[in-house]
Amino acid sequence: MDGIKLLNVSKFYTVEKESMKVLNGIDLNIPSNKITVILGRSGCGKTTLLRLVSGLEEFDQGEILGANSKKKAYVFQEDRLMPWLDVKKNITFGIRNKDIDNSKIDDIIETVGLKKFYNAYPRQLSGGMKQRVSIARAFACNPDFIMMDEPFSALDFFTREQMQKELLKIHQTSKCSILFVTHSIDEALILGDKIIVLEKGVIKSQYEIEEKSSTRDLLNSKFVKLKKKIIDDLKVI
Ligand SMILES: Nc1ncnc2c1ncn2[C@@H]1O[C@H](COP(=O)(O)OP(=O)(O)OP(=O)(O)O)[C@@H](O)[C@H]1O
Ligand SMILES: [Mg+2]
């Protein structure tokens with residue numbers, strides 16, 4: 001399956017009659033079956049980029065190719081669970097009854113560590129658990145393209161590490177394409193097949209990592225060097 005291509009994409013917002021260019025001439029290839037990470041400081045345009053690719057927001061200039069034909073799922077920056085539905089129903093919400101594959105849903109719930117909370121309501125879950133329900137919901141509808149907006153930012157160090165591993169596992173089996181937003185350089189290096197550094201609405205640099213995520217060691221000199229490079233890219237001049 002082909003990937004998604006952005007050609008010279010720009011987006012303006014008007015705030016108090018002043019036009020602000022939030023994304024400026026983005027040229028980007030999002031390869032299929034890979035994890036592409038958008039990395040950048042707060043306010044650089046990461047969520048906006050995801051919203052344009054998802055079609056939730058219109059762009060003002062340029063072209064986005066290949067996105068319309070994909071079956072897409074979106075994990076929002078904040079969890080968006082229905083408080084009146086339990087975990088299972090939140091996960092299957094939006095899937096037609098006849099298309100619900102119960103054994104697959106059970107597997108996903110188990111993978112995200114919520115087996116004991118199958119029938120719990122969002123108010124009975126911690127912030128991290130709610131995020132895991134959102135992730136399970138995204139994978140439950142068998143998407144071929146998932147956008148994830150800082151899905152692990154509410155998690156403690158260890159849960160985050162565990163969720164990163166689980167995401168890699170699910171990705172291995174589902175083989176979908178993932179566009180993943182983070183402001184953590186380490187997270188980008190752990191997950192990304194491709195890392196896009198975004199700075200004030202423009203692509204500052206991009207890197208491709210050939211090494212399999214499962215064998216990466218961030219203390220290896222190759223990754224330490226890459227991390228230093230990315231830190232330099234992110235420094236505001
Ligand atoms: N609907 C909107 N109307 C006006 N300005 C907006 C709107 N949405 C975003 N912006 C502005 O666009 C810029 C980029 O916002 P965006 O949410 O894409 O940043 P981000 O990189 O996701 O930041 P964070 O890491 O904090 O989530 C910000 O300056 C923000 O104020
Ligand atoms: Mg954001």
Point to revise | Where Gly94 falls short, out of the listed (1) in a loop (DSSP other than H, G, I, E, B); (2) closer than 28 Å to Thr111 by Cα; (3) within 10 Å of ligand 1 (Cβ to nearest atom) | key: (3)
Point to revise | Qualifying residue in segment 68-88 (condition: under 21 Å from Glu199 (Cα atoms), among the charged types (D, E, K, R) and open to solvent by 40 Å² or more (accessible area, probe 1.4 Å)) | key: no
Point to revise | All positions within segment 1-35 that are β-branched (Val, Ile, Thr), open to solvent by less than 20 Å² (accessible area, probe 1.4 Å) and more than 16 Å from ligand 2 (Cβ to nearest atom) | key: Ile4, Val9, Ile30, Ile35
Study note, to complete from the structure: Going through segment 1-34 in order, the residues found to be in a strand (DSSP E or B) and among the acidic types (Asp, Glu) are Glu18, Asp27
Review point. List the pairs whose first member sits in segment 102-126 and is over 23 Å from Leu168 (Cα atoms), whose second member is in a loop (DSSP other than H, G, I, E, B), and whose Cβ atoms are under 7 Å apart, counting only residues at least 6 apart or on separate chains?
Key: Asn119/Asp86; Ala120/Asp86; Tyr121/Pro83; Tyr121/Asp86; Pro122/Leu81; Pro122/Pro83; Arg123/Pro83
Point to revise | Selection count where residues are open to solvent by 80 Å² or more (accessible area, probe 1.4 Å) and either part of a strand (DSSP E or B) or within 26 Å of Val22 (Cβ to Cβ) (or both), scope segment 207-224 | key: 1
Point to revise | Unmet requirement for Ile178, which otherwise passes all of (1) away from ligand 2 (no atom under 16 Å from the Cβ); (2) outside any strand (DSSP E or B) | key: (2)
Check your understanding: Where residues in segment 195-231 are farther than 29 Å from Arg51 by Cα and among the small types (Gly, Ala, Ser), which of them is nearest to ligand 2 (Cβ to nearest atom)?
Key -> Ser214
Study note, to complete from the structure: Of the conditions (1) away from ligand 2 (no atom under 16 Å from the Cβ); (2) assigned to a strand (DSSP E or B); (3) open to solvent by 40 Å² or more (accessible area, probe 1.4 Å), the single one that Ile64 does not satisfy is (3)
Practice item. For segment 184-206, enumerate the residues that are assigned to a strand (DSSP E or B) and open to solvent by 30 Å² or more (accessible area, probe 1.4 Å). Key: Val202, Ile203, Lys204, Gln206
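The values are calculated or read from the model by the stated rules, or taken from the named source; none is laboratory data. Owing to the predicted nature of the structure, the values given are computational and were not obtained by experimental measurement. FYI the Cβ positions are ideal-geometry reconstructions off the backbone, even for glycines, and counts take in every protein chain you see. Surface areas here come from the heavy atoms of the whole protein model, side chains and all, with no ligands, DNA or RNA. Shrake-Rupley method; radii C 1.70, N 1.55, O 1.52, S 1.80 Å.
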